[in-house]
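Each reported figure results from applying straightforward, stated rules to the coordinates on display, with no laboratory input. A quick note: this is a predicted structure, and the numbers were derived from the prediction, not measured. FYI the Cβ positions are ideal-geometry reconstructions off the backbone, even for glycines, and counts take in every protein chain you see.
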Amino acid sequence: MRLCSLQSVRTHIVLGEPLAFSVRDAQHQLLLARGQIIHDLDQLDELFQRGALVEISEIASAVQPQRRAATRSLSTDQLPGEWQRLGDAVRRTLAAPADQLATAIATTTDELLRLIAHAPGVALSQVVRQGEGHYGVNHSIHAATACHAAARFLGWSAEDQRRAFQAALTMNLSMVDLQARLASQVSPPTTLQREAIHQHPTLSAELLEQAGVTDHLWLEAVAQHHELPDGTGYPGGLTDVGELATLLRFADVYTARLSARANRPAMSAQQAGRELHLMADSNPLAAALIKAFGVFPPGSLVRLASGELGLVVGNGEKAYHPLVATLTDTRGEPRLTPLRRDTSRDGLAVVGLLSPQSLPMRLSDERIAELISA
């Protein structure tokens with residue numbers, strides 16, 4: 001039974017209305033069953049003072065219907081704003097105090113996974129396009145999205161997909177802000193920074209355990225995500241590395257390559273996939289991650305053999321043959337209405353990747369989400 005303090009979920013309590021979860025005392029004995037009522041602030045404060053607890057799983061179940069309905073009602077032009085809102089939520093989650101951390105992770109995970117399920121192509125484009133914001137937070141979200149996509153491609157159970165997502169989201173818990181500093185730092189890491197980097201898998205797992213996370217596979221993956229099968233990884237130099245930890249490492253590398261740093265430009269998904277393939281030595285976990293995104297993932301801008309320029313809106317039957325919404329005609333003139341192209345057809349193959357500056361028009365995040373979701 002995973003528990004958190006009643007005070008940490010105060011926003012889910014409405015005085016005078018039935019509780020959506022049970023309340024227990026510090027010894028885990030039942031105080032109030034689900035459906036009972038907290039009548040006033042005095043009663044609530046008394047429960048806080050007694051150290052009242054609630055089950056994390058009940059909190060997640062209580063808020064799911066409301067959030068699921070909110071996600072269903074989203075229009076495509078609202079998706080970028082929702083991703084930004086959840087980015088802010090992840091930043092708060094990763095900085096939450098220990099007694100609130102587990103609940104915050106569960107709630108944020110629910111919201112992000114529903115948003116991914118609502119528009120999976122847009123989720124992949126968020127990783128590929130790497131918007132502005134706090135690097136450490138963005139990287140956590142992108143690595144988690146990548147792990148979840150690979151786990152889904154591999155046919156893992158919903159529970160295992162969720163575990164992969166949460167492990168990736170929290171693998172750098174102890175160095176989120178340091179990651180942001182390193183991304184903008186031109187000079188090599190200092191001695192203190194190197195120590196923090198070396199220790200972060202162990203410290204992140206310890207922080208999760210202190211917060212009440214008891215999932216052994218989750219904790220093990222976080223602690224091992226920089227270990228290598230030949231024993232040259234860190235922090236323990238292990239050779240027996242878990243499957244989930246290996247997937248986390250691949251997602252960490254792949255998504256990091258897609259982001260620009262102060263000392264190097266961002267790679268394309270094609271370049272990042274090629275590097276990962278060479279590094280992973282044909283590991284099926286790396287192959288699943290690369291195939292889940294495709295050589296030209298949604299959100300990529302491409303030139304076709306026909307001369308048309310367009311936006312990749314989905315993966316085709318083969319990695320090199322994505323579905324593309326063409327934004328220009330063969331002469332490079334903007335189209336009023338984009339045409340969807342199957343690039344496996346003769347004369348429509350992808351022949352090059354483009355930067356946003358290569359297009360004769362500006363594409364807003366809302367327009368990109370609309371084209372991918374069409």
Relative contact order for region 3-57, counting Cα pairs under 8 Å that sit 6 or more residues apart, in percent = 47
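Taking the Cβ-Cβ separation of LEU217 and THR239 as r and a Förster radius of 30 Å, what is the calculated FRET efficiency to the nearest 0.05?
Numbers: r = 19 Å, r/R0 = 0.63.
With a Förster radius of 30 Å, E is 0.95.
Hey, with R₀ at 56 Å, roughly what FRET efficiency would HIS39 and SER364 work out to, going by the Cβ-Cβ distance, to 0.05?
Details: r = 49 Å, r/R0 = 0.88.
Calculated transfer efficiency: 0.70.
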Using only helices, what value at 222 nm comes out for the chain when you add -39,500 (n - 2.57) per DSSP H run of length 4 or more and divide by the total residues, to the nearest 500 deg cm²/dmol?
-> -16000 deg cm²/dmol
Taking Cα atoms only, helix 135-153 is inclined relative to the longest principal axis of the chain by an angle, in degrees rounded to 10, of 80
So how much slack lies between ARG335 and LEU74, counting 0.36 nm per residue of separation and subtracting their Cα-Cα distance, in nm?
-> 91.3 nm
Pair VAL351, ARG92: separation of 7 Å Cα→Cβ label points (nm) | 5.0
Compute the relative contact order of the chain as a whole-number percentage, counting only Cα pairs closer than 8 Å that sit 6 or more residues apart in sequence.
-> 13
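Subtracting the Cα-Cα distance from 0.36 nm times the residue separation, let me have the gained length for GLU17 to ASP99 in nm, one decimal. Spell out each step's value before the answer.
Values: separation 82, 0.36 × 82 = 29.52 nm, distance 2.50 nm.
Net length gain for the segment: 27.0 nm.
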Taking every other residue with Cβ under 12 Å from the Cβ of GLN166 and scoring Lys and Arg +1, Asp and Glu -1, one gets -2
Among region 191-222, those whose backbone N falls under 20 Å of a label point 7 Å along Cα→Cβ from ASN263 are 191-200
